[in-house]
Amino acid sequence: MKPSEIVYQLRELQDVWRKNNFQLNEGQQVTYDKLLQLRRERVRFFYANNLVFKGSKAAWDKEQAGEAAQLAASQVEDTEEY
């Protein structure tokens, strides 16, 4: 099962849960628990392989702006050499 399918099915079950007075029948609950376990394993995989961004967006933007400024400055220095 593709990871995106897991998320779609979880959302569908959450909608059903909401429409059914916040209850799931036994089959739906078993399916939900299985999908939730698969999703958690996927997220653990990302954390274990350091594939998750662990920082703030502001710090990331500031770092990218600094790198862009350094690149622009080095390009200006290269063109000023006669």
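The values are calculated or read from the model by the stated rules, or taken from the named source; none is laboratory data. Bear in mind that the values here come from a model prediction, so they are computed numbers and not experimental data. With ideal geometry, Cβ positions are generated from the backbone for all residues, glycine too; neighbour counts draw on all protein chains shown. The area values use the complete protein model at the heavy-atom level, side chains included, leaving out ligands, DNA and RNA. Shrake-Rupley method; radii C 1.70, N 1.55, O 1.52, S 1.80 Å.
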Would you confirm whether or not segment 69-81 contains a residue that is in contact with a Leu (Cβ under 9 Å, 6 or more places away or on another chain) and surrounded by 10 or more Cβ atoms within 10 Å (Cβ to Cβ)?
no
Looking only at segment 30-65, which residues are under 12 Å from the mean Cα position of the chain (by Cα) and not in a helix (DSSP H, G or I)?
LEU51, VAL52, PHE53, LYS54
Give segment 17-29 a look and list any residue that's part of a helix (DSSP H, G or I) and either within 24 Å of SER4 (Cβ to Cβ) or open to solvent by less than 100 Å² (accessible area, probe 1.4 Å) (or both), or say none.
TRP17, ARG18, LYS19, GLY27, GLN28, GLN29
Return the pairs, sorted by first residue and then second, in which the second residue is surrounded by 12 or more Cβ atoms within 10 Å (Cβ to Cβ) and of a type in the set (S, T, N, Q), the first residue lies in segment 1-22 and is closer than 11 Å to ARG42 by Cβ, the beta carbons are less than 9 Å apart, and the residues are 6+ apart or on different chains.
MET1/GLN9
Index of the failed condition, SER4 passing every other in (1) modelled with pLDDT of 90 or more; (2) over 24 Å from the mean Cα position of the chain (by Cα); (3) surrounded by fewer than 11 Cβ atoms within 10 Å (Cβ to Cβ); (4) part of a helix (DSSP H, G or I):
(2)
If we ask which residues in segment 30-40 are of a type outside the set (Val, Ile, Thr) and surrounded by 12 or more Cβ atoms within 10 Å (Cβ to Cβ), their number turns out to be 6
Open to solvent by less than 80 Å² (accessible area, probe 1.4 Å), on the phi < 0 side of the Ramachandran plot and in contact (Cβ under 8 Å) with a residue 12 or more places away in the chain: is that true of VAL52 in this structure?
no
